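Please read the structure below before turning to the comments.
Laboratory data are not the source of any read-out in this text; all were calculated from the coordinates shown. Given the structure is predicted, the values throughout are model-derived calculations rather than measurements. Quick reminder, even Gly has a Cβ in these numbers, built from the backbone with ideal geometry, and neighbours come from all protein chains shown.
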Amino acid sequence: MRLQAAWRRIDFGPGERIAWAVTAALVVIFAVAFAQEIVQADDAFISYRYSLNLATGHGLVFNQGEYVEGYTNLLWVVLVAAFIRLGIHAPSAAQGMSVFFGALSLIMLHAYVRRFLPRRFAWLAAAAPLVMWASNGFACWMSAGLETPLFLCLTLAALLAFDRERPVWVALICGLAFLCRPEGGIEASVLLGVPWLLAVVRGEHSARSVLRVSTAPLIFAAFAVGLTVFRLIYYGDIVPNTFHAKVGQIPMVIGWIYVQKFLGDGPLLLLPACLLAAFAAPRLRLPLLFAIVTAAYCISIGGDVFAYGRFLLPVLPVLLAGGAFGAGWIMERQIVAGAVMALMLPAAALVSLYGHVSPPDYYFSSDYDWGGYTPLPFPLSGKRATAERHYVAVPQEKAVSIESGRLIRQIRPGPWLVACIAIGKMGYYNMDLSLLDMVGLIDRHIAQSDRVIPNTSILPGHSRTDSDYVLARKPDIIMLPNTTDLHPGMLPAAADLLGNPKLTQEYTFRPDGPFWVRK
């Protein structure tokens, strides 16, 4: 009844109807495009293997019997496992959920931005989903198979609940977001922690007032404590193993350039309006603070190994709300200046699709990703086509992984221990193989190694190595090319192992693999 009453209160004038029609068209275009079969990111298959082991009764493990938390997306892993139990393959389940949550995010974004616009400028709300749809980050991470669509949707739900002054709902949604990604704790800290702190500072010390302002933070704290206790009991650690593998050794300058790349891909044009919103729209101040803290977090951890702002995509709705508000606020006072500011929204979309304004590359082989740029004739967008590609070496990574597994089984009877760096598809399509991750995502020892290999490529999540430990584990197979060209762009784990004399003493290279086989 409340929803029906709220729906009736909306004045669907011509501008409102046109805006929702535009958003509906974008949702259809998005759903049709992303419902087609796509090549998913290798990292998604790490989660899929955890999901498959959970669904088949082996627990939340990558290798059976090895209790290591090599994921940071528990909620996504459990949801995929539920679909596997229903007979749906993990990649299909993840793609279906991605389309659903991506489409829902576009609708929720329109609803969120609309809340900051006067009725006469309701049409501006449609510009926000347009910019989101055009974003390379959205195009990339809605089709990668990872948890980003769900996290983006939960972020928007929390922002909507916060703007409607529903702190308990904010706490519940942020709790789910925290189970989905660690950054859910950032949103909760800002949207729940800051109001609580302000209430305490203002002197609300009575038992009733303290209970009133503390209820929502305590609800979120229950999620955080529950997850921590689960980790401690199940994995013997209070943080994921991926935290040890990814945090540290990465220069902050890489994180800073990661943020610059995200802003330079279009959102930079929204910052002037967001600055105005910080002063003129009190309801947007804490969401904008959430965006700032998230950016600072990305800088501190060195960003992400992948391009297109995966960790920053959830703050784009806040920037779009600020951009739309600023344009509407100015247009109410000076129509020409407001129109110019409103044009920054479609301009941001055009920059995303066709522009080239990001800073000089620091750690990628190109300004886009490892595979380079995909040229396409206008009006097609080569940037978008590149963003939607999720393979590092060849498109046939699934076939390569399956063929590699077949060759491994022919070499000698199992069981097999295979050491490799890209463990996702190799692990998912070869569930009978035990994998040793040479960069430590699913290995406690390597994740906490402080070994440094000079003149190598230091990438987030790929900087750990310990070749002596890898060889001491005596893997049957080491998935690594045979090269003496230890160039600066090589990962530390590869350079470390290829430079270890024990490799050639104990292993023979098989060019048909290509991989190394223990003698």
| request: Pick out, from Ala93, Ala111, Ile257, the residue whose Cα sits farthest towards the positive end of the charge dipole of the chain, with +1 on the Cβ of Lys and Arg and -1 on the Cβ of Asp and Glu. | output: Ala111
| request: Taking the Cα centre of the chain as origin, sum charge times position over the Cβ atoms of Lys and Arg (+1) and Asp and Glu (-1), and report the length of that vector in debye to the nearest 20. | output: 1360
| said: As an exercise, find the ratio Rg/Rh for the chain from alpha-carbon atoms, using the Kirkwood inverse-distance average for Rh. | reply: 0.99
| Each residue of segment 266-274 in order: what ³J(HN,Hα) in whole Hz does its phi give by Karplus 6.51 cos²θ - 1.76 cosθ + 1.60, θ = phi - 60°, with x for Gly and Pro? | x, x, 4, 5, 8, 5, x, 5, 5
| query | Label-point separation (nm) for Ile335 and Thr228, each offset 7 Å from Cα along Cα-to-Cβ? | reply | 5.7
| field | Packing-based order for 119-129, 380-390, using average beta carbon neighbours within 10 Å, highest first | value | 119-129, 380-390
| task | Before anything else, pin down the relative contact order of the chain: Cα pairs under 8 Å, at least 6 apart, normalised by residue count, whole percent. | result | 16
| note | If unit charges are put on Cβ atoms (+1 for Lys and Arg, -1 for Asp and Glu) and the dipole of segment 397-518 is taken about its Cα centre, the option from Leu435, Pro492, Pro481 lying farthest towards the positive end turns out to be Leu435
| If you find the alpha carbon centre of segment 82-119 and of segment 121-192, how far apart are they in angstrom? | 11
| What ranking do Asp496, Asp476 get, fewest neighbouring Cβ atoms within 10 angstrom at the top? | Asp476, Asp496
| Test item: Cα-centred dipole of segment 397-518, Lys/Arg +1 and Asp/Glu -1 on Cβ, debye | 280
| Relative contact order of segment 397-518, defined on C-alpha pairs under 8 angstrom at six or more residues apart (%) | 24
| field | Share of alpha-carbon pairs per 10 Å distance bin for segment 114-248, given as whole % | value | 11, 30, 32, 20, 6, 0
| query | Under the rule of -39500 (n - 2.57) per DSSP H run of 4 or more residues, summed and divided by the residues of the chain, what mean residue ellipticity at 222 nm is obtained, to the nearest 500 deg cm²/dmol? | reply | -17500 deg cm²/dmol
| query | Hey, what do the phi angles of segment 304-320 turn into as Karplus ³J(HN,Hα) couplings, whole Hz, using 6.51/-1.76/1.60 and θ = phi - 60°, x for Gly and Pro? | reply | 10, 5, 9, 7, 6, x, 4, 6, 9, 3, x, 8, 4, x, 5, 5, 5
| request: May I ask for the Kirkwood hydrodynamic radius of segment 397-518, worked out over all distinct Cα pairs and given in angstroms to one decimal? | output: 14.5
| On full extension of the chain, what length is gained from Val32 through Leu197, given 0.36 nm per residue of separation minus the C-alpha to C-alpha distance? | 54.9 nm
| said: Let me spell out the model: positive unit charges on the Cβ of Lys and Arg, negative unit charges on the Cβ of Asp and Glu, origin at the Cα centre of segment 90-194. What dipole size does that give, in debye rounded to 20? | reply: 420
| request: Pairs of Cα atoms under 8 Å, at least six residues apart: use those to get the relative contact order of segment 453-519, whole percent. | output: 41
| task | Lys and Arg at +1, Asp and Glu at -1: add these up for the other residues within a Cβ distance under 12 Å of Tyr235 and post the number. | result | -1
| remark: Ranked on Cβ counts within 10 Å of their own Cβ, fewest leading, Phe220, Phe30 go Phe30, Phe220
